[in-house]
Structures are given as C-alpha cells and as structure tokens.
1. Restricting to segment 177-195, count the residues that are under 23 Å from the mean Cα position of the chain (by Cα) and β-branched (Val, Ile, Thr).
2. Of all residues in segment 349-374, count the ones that are modelled with pLDDT of 85 or more, among the charged types (D, E, K, R) and closer than 12 Å to Pro336 by Cβ.
3. Somewhere in segment 95-106, is a residue of a type in the set (Asp, Glu) and loosely packed, with under 14 Cβ neighbours inside 10 Å?
4. Check whether at least one residue in segment 265-285 is of a type in the set (S, T, N, Q), surrounded by 20 or more Cβ atoms within 10 Å (Cβ to Cβ) and part of a helix (DSSP H, G or I), and report yes or no.
5. Somewhere in segment 306-314, is a residue aromatic (Phe, Trp, Tyr), touching a helix residue (DSSP H, G or I) at 6+ places or on another chain (Cβ under 7 Å) and either crowded, with 20+ Cβ neighbours inside 10 Å or modelled with pLDDT of 95 or more (or both)?
6. In segment 351-383, what residues are in a helix (DSSP H, G or I), closer than 30 Å to Met239 by Cβ and free of Cβ contacts under 8 Å to residues at least 24 places away in the same chain?
7. Cβ-Cβ distance below 7 Å, separation of 6 or more or different chains: which pairs start in segment 163-177 with a residue that is of a type in the set (S, T, N, Q) and end on one that is assigned to a helix (DSSP H, G or I)?
Amino acid sequence: MEALPLFSVTRPLYLLGTPISKRFRVYFQQKDSPDRVLARKILWHWKQDGSLDNHDSYINCATLIRILSRKKLPRVAQELLLEMKSEGYLLDNSTLSAMMLCYAENSFYAEAEAIWDEILNHSLVPDIQIVSELIDAYGRLEHFDKVTRILNQVSSRDFNLLPEIYALAISCFGKRGKLEMMENTLKEMVSRGFSVDSATGNAFIIYYSVFGSLTQMEAAYGRLKRSRILIEREGIRAMSFAYMKEKKFYNLGEFLRDVGLGRRNVGNLLWNLLLLSYAANFKMKSLQREFLRMVEAGFHPDLTTFNIRALAFSRMSLLWDLHVSLEHMKHEDVVPDLVTYGCVVDAYLDKRLGRNLDFALRKMNVNDSPLVSTDPCVFEVLGKGDFHSSSEAFMEFEWKNWTYEKLIAIYVKKKYRSNQIFWNY
C-alpha cells in the first residue's frame, strides 16, 4: 500500500483558514454542514495537488486523521473519509485505525466500536500499537468497561497477542488505581496459562505502592518474590517512597536488606536509601556504620550518598564531620552541587560563623555554575535547606549568569539584614 507523502497529507491543514473561492463555493450546496464543507475543501486541495489521481492504490490519511483528532475535529475526519469512499478511493488499515482512535479520543464510542468490530469480524489481527493506544484512550476517559470488552473480544478469538493485551489492560487499570480490576485481570491471565513477565510484575508492585496500603504492597511484593521475578529499580523506588510517605523507616531498612544490598545492577540506589532511612531520624552512628559497610562492600559513594550524610551533618551542626565528608568527596572526584554548598552555608550561618565561611569553601570551586544532581528522594525525607530553597528562587531569573559565589553573597547579605531587623526590633 503506497502512502501519500507527508507534505500532501498535512498541506491542506495550512489552508483551512484561507477564504473559499467563488468557484469553490459553487461546489457546495447550502444544506451541507460546516464539517462537510471543510472536508470537501481538504479533498479539493488534494486533487489540485494531483495527490489523489490513482483510485486503485490505497490511500494513507492516518497522519491527517491524528492531527484532526488533536484539533478536536472528529466530524471533519469522518466527513473526509466518507467523501473519499463515495468517490471510490481505497483507505488502508492504518487510516481506519487512526479513525477509530480519533472517535475514541473524542468520545464517539459507538463509532469507534463499530470500526473495532469490523476489524475483528474480518478476522484481521489488530496491530498491538493501535490496541495499546485505544486502551490508553479509554483508560484516560475512565471507560474501563470498554477495556474489558476489548480484552474479552480478543480473548474469544485466541490471537497470539493476547498476553500483550492482558499486560496493557493490567497497566491501564493500575495507572488509574483500579486495583481490584487489575488483580482480577492478572488472575484471569494466569488461569489461562500465561506467565507474568518482569515488566508486568514490577508494574503491579508500583501500582500497589502508589494506590494501595502498605499491607497490600507487601503482599504483592511477596508474590513477586515467590514467582522468582527480581524487583527492578522503579519498583524499589516506588516501594521505598511508600514507606517514606508513612515514615516507616525501620520497615524501609528491612525491605532494602531483603532485596539484597549486594545487588549491583541498581547501582548505589539500595545503599543510598538505607542511609537515608537512618538520616531521617538522625541516627548518626548507624549512618556512619552503614556508610563504612557500603565502602567495604566495594561500592563507590556517589553525589547522593555524600549529600545524604552532608545534610545530616549540617542539621546536627557536626562541622568537623562535614569537612571530612567534603575531603572524601574530593578524593573520590565527586563534584559537589547546590545541595552540598547549601549544607556548608547553612551549617556555618546557623552557628553564626559567617566570617569563617570563606575558610570552609576554600577547597570548593565557587565559580562553577550551580546545578542540582542529587536524587529527589532525598528531599522527600530531609527536605531542602534554606540556602538551597532561596537559591532556586533566584535561579529562576535566567538572565543572570549565576555562580555559587554570587548566590552565597546574596544569601549572606539577606541573612545579615534579617538579623539586623530582628535585633533592632
């Protein structure tokens, strides 16, 4: 099937706003709807381009249909296809599939289902990408009964892509928090003899982490373990965030140890989360002990590792430990970010040691451009320091070439003025 060139498909869209010529207006009857007028206008311009001379080849209008769908013009797309059919043009499957999605995304469900039924009744194997987009469209509109209908229809025809459609349905239900529907779909999938792959199993964990209770999440994790599927990075993060949100830091530590701190395919994620669980309650001895175990196990601390410790040292005013940590960073060639500078600045100004700040920063390159490279999960537990928050507000003014030195100078002046106001009052 020969598709039209992209410029031939999209060019009429640039002409939608042009006035209709007198010759062109004669072509329409007064009873025609505006949608049909617009569709005929597009078709007329295609004919003028010579793009629709051959009635024997299939015409691909999928790109145009998708654009009309995004512009909320499903009736124009419908009229265009009807006009082309009436003039004997052949429409390929991709065009019909695009029309089906156009209907679904614009809440014309009966029309979308009619095209879907036509595809199935002609024993055509639907394209998995089209099915994915259709299920996603129904999911966004929360028409879950239509997702179930698609699943049942494909299931009754025993297509080879059924396991993939089960996975799509599970994902659709999970993203919208329909845990019971997700659970039932998974059970049905397993009962039909299909195995749960790693992607689906980890997605299951993520959805329970976001929408379920900790008990439900832990039960889902237990089933994942029994199925001998490894929990992956996103699953680990999702479960960890659920524990953090409930401030269950002991449970978080137990979970991380159960996953296995020796796993290297997730980098330092497990160790960093474990250190964070101790830093959250400022258990400094445990924090130091686990950091040493991390190094002894052959893991190299990264920026997030150092900043978890630096934030804890800063909040506890442990200036010596903070300096030792900065020396270790330099030894490991880890470049500090805005969070690191904030730990130093906040620690010194909180202790009213602003005059010693230059000494504290002498081994750091204050002329660097500021950036934040720390894992965001750190801020979920420990929050952002005062210097960090203040600097981000200033950095929104992109017209200025900010450096750490400039941000520190402004912040110190701001703190000095606030102290003066306090004492004068």
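1. 0
2. Residues in segment 349-374 being modelled with pLDDT of 85 or more, among the charged types (D, E, K, R) and closer than 12 Å to Pro336 by Cβ: 1 in total.
3. The initial filter retains those residues of segment 95-106 that are of a type in the set (Asp, Glu), namely 105.
Cutting the leftovers down to loosely packed, with under 14 Cβ neighbours inside 10 Å gives us none.
The answer is no; no qualifying residue exists.
4. Yes: segment 265-285 contains one or more residues that are of a type in the set (S, T, N, Q), surrounded by 20 or more Cβ atoms within 10 Å (Cβ to Cβ) and part of a helix (DSSP H, G or I).
5. We begin by selecting, within segment 306-314, every residue aromatic (Phe, Trp, Tyr); these are 306, 313.
After this cut, where a residue has to be touching a helix residue (DSSP H, G or I) at 6+ places or on another chain (Cβ under 7 Å) as well, the list is 306, 313.
Checking which are either crowded, with 20+ Cβ neighbours inside 10 Å or modelled with pLDDT of 95 or more (or both) leaves us with 306, 313.
Yes.
6. Listed by number, the list holds a single entry, Phe379.
7. Cβ pairs passing all conditions: Ser171/Ala203.
A quick yes/no check of all residues on (1) closer than 24 Å to Leu120 by Cβ; (2) under 26 Å from the mean Cα position of the chain (by Cα); (3) modelled with pLDDT of 95 or more; (4) surrounded by fewer than 19 Cβ atoms within 10 Å (Cβ to Cβ):
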{"residue": "Val154", "(1), (2), (3), (4)": "yes, no, no, no"}
{"residue": "Arg157", "(1), (2), (3), (4)": "yes, no, no, yes"}
{"residue": "Leu161", "(1), (2), (3), (4)": "yes, yes, no, yes"}
{"residue": "Ser171", "(1), (2), (3), (4)": "yes, yes, no, no"}
{"residue": "Lys175", "(1), (2), (3), (4)": "no, yes, no, yes"}
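The values are calculated or read from the model by the stated rules, or taken from the named source; none is laboratory data. Keep in mind the model is a prediction, meaning the values are calculated, not measured. Methodologically, a virtual Cβ is constructed for each residue, glycine included, from the backbone with ideal geometry; neighbour enumeration extends over all protein chains shown.
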